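The structure under discussion appears below in the form of structure tokens.
The values are calculated or read from the model by the stated rules, or taken from the named source; none is laboratory data. Predicted, not measured: the structure shown is a model, and the values here were computed from it. Ideal geometry is used to build each Cβ from the backbone, glycine not excepted, and the neighbour counts take in all protein chains shown. In case anyone asks, the SASA skips ligands and DNA or RNA and just uses the protein heavy atoms, side chains included. Shrake-Rupley method; radii C 1.70, N 1.55, O 1.52, S 1.80 Å.
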Amino acid sequence: MPRHGVRRVVLCYHSIDPLKPFASASPALFEEQVAWLKARCQPVPLSAILEARAPETDRPLVSLTFDDGYADNHEHALPVLLRHGVPATFFVTVGLVERDPSVVKRFQALRAAAPGEIRSLTWEQIRGLRRANMEIGSHTWSHPNLARCSRTEALGELRRSKEAIEDHLGEPVTSLAYPFGKPGRHVAEETVRLVEQVGYRFAAMVLFRGVRPGDDPFRIPRFFVTRDSVETLEAKVRGAWDLVGLWQAGAPQWAAKIVSPRDFEL
Ligand SMILES: [Zn+2]
């Protein structure tokens, strides 16, 4: 758990693409963001963001994560990360990698994507990310709202995805990103217990605030990056947006629906 006073932030990206409407950033904008992060912050792997050890820097510690497992993460994000020597964690939806038709269809609906716009990482690309020293985690099999799954369904989603990645990489998978990721609505108390029971060691949510001392490793808060200018990214990293996280944690459902209607679609 972080005890040292330095600011710690986890960012959540999805697609990096020049054209897709649902992309988190174009490759050019992503390059600008990563250059800023490298120059002004201390990029660290997600597995290190909770470490109690005081860092040798007073710069904010920042971890980059990518959800869903789009092929463009390998094509557009990886070269930028390597150029700047910045680590990242990729949370893959295993049913998408396996081309499970129901999962592909679900993503097309979820991202309002045109046919062919949802392209998953392949296992070869995932191994390539790992060889490049990136971390690989699970984003479940089919990207359900785990808080609404039965216990058996949730355990199946968590186990099947973990085991498939472990088979392909030949090493343990210890991290998870909750699909949709909002505390309460998508991450129930029971969800967190099941994640721990299956053998994960940490799990990331979506909550707009920095990581605090004493934060639960199964409830790591993250900021979405949504085509943010470097100025907006800086505001999130430095703490100007943390009030949003406070509001997210306590907002009534009717108000949350107005602000993030897409959370309620599936
Ligand atoms: Zn997702």
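Accessible area of residue 58 (1.4 Å probe, protein heavy atoms only, ligands and nucleic acids ignored): about 140 Å². For the chain, the C-alpha radius of gyration sits at 0.93 times the compact-globule guess of 2.2 N^0.38 Å, with N the residue count.
Sorting 68, 216 by solvent-accessible area of protein heavy atoms yields 216, 68, largest first, with a 1.4 Å probe. Compactness check for region 126-256: Cα Rg over 2.2 N^0.38 Å is 1.13. Rolling a 1.4 Å probe over the protein chains gives residue 74 an accessible area of about 50 Å². Taking the centroid of alpha carbons for each part, region 191-218 and region 81-118 are 22 Å apart.
Per residue of the chain, the DSSP helices (runs of n ≥ 4 H) give a summed -39500 (n - 2.57) that works out to -10500 deg cm²/dmol at 222 nm. Size estimate for region 60-183 follows the Kirkwood approach: the inverse of mean 1/r over distinct Cα pairs works out to 14.8 Å. Give me D for region 154-230 in µm² s⁻¹, whole number, from Stokes-Einstein with Rh from the Kirkwood sum over alpha-carbon pairs, 10 °C and 1.306 mPa s. It diffuses with D of about 118 µm²/s by this estimate. Computed with a 1.4 Å probe over protein heavy atoms only, the accessible area of residue 119 comes to about 100 Å².
Pairs of Cα atoms nearer than 8 Å and 6+ residues apart set the relative contact order; for the chain it is 21 percent.
Near residue 192: Cβ cut-off under 9 Å, other residues only, Lys/Arg at +1 and Asp/Glu at -1. The net charge is -2.
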